[in-house]
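Student: Questions regarding the structure given below will be posed in turn.
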Amino acid sequence: MNLFRNLLFWIVLALVGALIAQLLLQDPGYVLVRYRGMEYSMTAVSAVLVLVAVLFVLWLAWTLISLPFRAWRGRRDRQTRARLGGGLDALRLGHYTRAEKLLAQAAQDDATAGAARGLAAEAAFARGDTVAAKAHLDTLADRHAAVRAIGNAELALAEHRPTDALVALDAPAAQPLPPRGLALRAQALAASGQAAQAYGLLGPLRQQQALSETQLSEFETRWAEAALREAGDANVLADRWEQLPKALKADAGVVIAYAERAAALRWEDAAAKSVEQALESRWDERLAASYGTLPIQRLEQRRGNAERWLQAHPSSPALLLTLARLARAQGQWKQAEDYLHRALAQGAGSEAWEEFGHGYTSAGDEARARQSYANALRAARGEAVQELGGRDLRQKIYDQAGIEERDQHGVPRLRE
């Protein structure tokens, strides 16, 4: 198709040229030029040929005159590309001083100034010279305002100055922010205690593909948790919880954040029910452990739920630890002690030993309390613990099996 179109074009052009030549031959025309008393006359064909010759001579003269300048500009461009490439290689290989020098030289060309200065600042920061890095960024004009803002924001976040990062990114000359700037702004908002606003930027971040889907999912969970913990009152907390997608409402970390904040705001029913609903839909050891640490009452209801869950999860160390905490909170230390022994047998660590210490302290058994606290430290360090006395073989077998003792009729009962 292209060959046919080109052939047709040249045929039409030849016909038009033949028609013009025929018209000129029939009537060659007459051109008269008067200049300072002199007259020059010629045919139109000759005038056209003279004009073409003059234009060719002018073009040739301009080409010869500009040839040294073009050669010099080409040499400069080759040097800039070589410096930029060498600087990138040096930066990647860790030769930061050499990279900074080459990139700073490459930044003298306006075409590469933005990228080269930003990379030079990165090299300076990598070798620990924050002042030099900021100086590189400050030399950028408003033409590269976005590069300057992103570089200053990265430096501020690396030094844990999220407010300064927001100031740099909010510069009017840098608007609208590119995807990288938007991602940094969201991170700065989260780091400065404004996780709800950071969470609100997830939509634009996904739309602009500023981060990978894995990173976005991680930030979504993290910022949702932080936004719930930052809620100033119960109404704000409820609004933020309701706006979360269903999948996040089942995430253990998010549920714990909501429950703990609701408990702190004295919203006890909401705190307990959020954990209960999450555990009913999907079992999670973190949620089971948090159910016993919530600073709320409802001890009898919570213990009843925990005992019901224990029938389905008899070897859950987190649930056994929760039951121990609830029993101790009700003043039933002997039952709490039984749950703690079972929790240890199922793999509970330093938290169970610490709970032992609290229980023995309240019971007035200082020797066992000290031993329990010491075991908590040993367990946290991964060291061997010292076994508590007073536990016969039969009780240890029950602990390992994760079951309760049974009476003579085979009915499970709590040990006295």
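Student: Taking the stretch 328-339 as the search range and keeping residues that are touching a Leu at 6+ places or on another chain (Cβ under 9 Å) and of a type in the set (A, V, I, L, M, F, W, C), which one is surrounded by the fewest Cβ atoms within 10 Å (Cβ to Cβ)?
Tutor: Ala329
Student: Let me confirm something: among Arg342, Arg266, which residue is in contact with a Leu (Cβ under 7 Å, 6 or more places away or on another chain) and either more than 25 Å from Trp241 (Cβ to Cβ) or not in a helix (DSSP H, G or I) (or both)?
Tutor: Within the list Arg342, Arg266, the selection yields Arg342.
Student: So Ala173 clears everything in (1) more than 29 Å from Arg73 (Cα to Cα); (2) under 21 Å from the mean Cα position of the chain (by Cα) except one condition, right? Which one?
Tutor: The failed condition is (2).
Student: Find the residue count for the stretch 285-302, including only residues that are out of contact with any Ser or Thr (no Cβ under 9 Å at 6 or more places or on another chain) and either of a type in the set (Lys, Arg) or over 21 Å from Trp267 (Cα atoms) (or both). It would help to see each step written out before you state the result.
Tutor: Within the stretch 285-302, the first condition is being out of contact with any Ser or Thr (no Cβ under 9 Å at 6 or more places or on another chain), and the residues that meet it are 286-287, 294-301.
If we keep only those that are either of a type in the set (Lys, Arg) or over 21 Å from Trp267 (Cα atoms) (or both) too, we end up with 286, 298.
Counting residues in the stretch 285-302 that are out of contact with any Ser or Thr (no Cβ under 9 Å at 6 or more places or on another chain) and either of a type in the set (Lys, Arg) or over 21 Å from Trp267 (Cα atoms) (or both) gives 2.
Student: Identify the single condition in (1) without any contact (Cβ under 8 Å) to a residue 24 or more places away in the chain; (2) under 30 Å from Arg303 (Cβ atoms) that Ala252 does not satisfy, given that it satisfies every other one.
Tutor: Single failed check for Ala252: (1).
Student: Collect the residues in the stretch 97-138 that are surrounded by fewer than 21 Cβ atoms within 10 Å (Cβ to Cβ), of a type in the set (A, V, I, L, M) and free of Cβ contacts under 8 Å to residues at least 24 places away in the same chain, keeping them in residue-number order.
Tutor: Val131, Ala135
Student: Let me spell it out: the conditions are (1) more than 26 Å from Gly118 (Cβ to Cβ); (2) without any contact (Cβ under 8 Å) to a residue 40 or more places away in the chain, and Leu184 meets all of them except one. Which number is the exception?
Tutor: Leu184 satisfies every listed condition except (1).
Student: Residue check, Ala173 against (1) under 18 Å from Leu102 (Cα atoms); (2) surrounded by fewer than 16 Cβ atoms within 10 Å (Cβ to Cβ), all met but one. Which one?
Tutor: (1)
Student: Of the residues Gly347, Gly410, Gly331, only one is at positive phi, modelled with pLDDT of 90 or more and not in a helix (DSSP H, G or I); which? Walk me through how you get there before you give the answer.
Tutor: Numbers: Gly347 fails: modelled with pLDDT of 90 or more; Gly410 fails: modelled with pLDDT of 90 or more.
Only one candidate qualifies: Gly331.
Student: Now for a separate question. Looking at Thr139, Thr112, which one is at pLDDT 85 or above, among the β-branched types (Val, Ile, Thr) and under 20 Å from Ala174 (Cα atoms)? Lay out the reasoning, then the answer.
Tutor: Values: Thr112 fails: at pLDDT 85 or above.
Of the residues listed, the single one that is at pLDDT 85 or above, among the β-branched types (Val, Ile, Thr) and under 20 Å from Ala174 (Cα atoms) is Thr139.
Student: Still on this structure: Buried (at least 16 other Cβ atoms within 10 Å of the Cβ) and touching a residue at least 24 places away in the same chain (Cβ under 8 Å): which single residue out of Arg148, Arg161 fits that description? Before you say what the answer is, go through the steps one by one.
Tutor: On the way: Arg161 fails: touching a residue at least 24 places away in the same chain (Cβ under 8 Å).
On inspection, the qualifying residue turns out to be Arg148.
Student: Considering only residues that are over 14 Å from Pro317 (Cβ atoms) and surrounded by fewer than 15 Cβ atoms within 10 Å (Cβ to Cβ), which ones fall in the stretch 340-362?
Tutor: Ser362
Student: Another question, then. Return a yes/no flag: does the stretch 200-219 have any residue that is over 14 Å from the mean Cα position of the chain (by Cα) and either in the same structural domain as Leu244 (by TED's automatic domain parsing) or of a type in the set (A, V, I, L, M) (or both). I'd like the intermediate steps shown before the answer.
Tutor: Quick first cut of the stretch 200-219, residues over 14 Å from the mean Cα position of the chain (by Cα) only: 207.
If we keep only those that are either in the same structural domain as Leu244 (by TED's automatic domain parsing) or of a type in the set (A, V, I, L, M) (or both) as well, we get none.
Within the stretch 200-219, not a single residue is over 14 Å from the mean Cα position of the chain (by Cα) and either in the same structural domain as Leu244 (by TED's automatic domain parsing) or of a type in the set (A, V, I, L, M) (or both).
The values are calculated or read from the model by the stated rules, or taken from the named source; none is laboratory data. Keep in mind it's a predicted model, so treat the numbers as computed, not measured. Methodologically, a virtual Cβ is constructed for each residue, glycine included, from the backbone with ideal geometry; neighbour enumeration extends over all protein chains shown.
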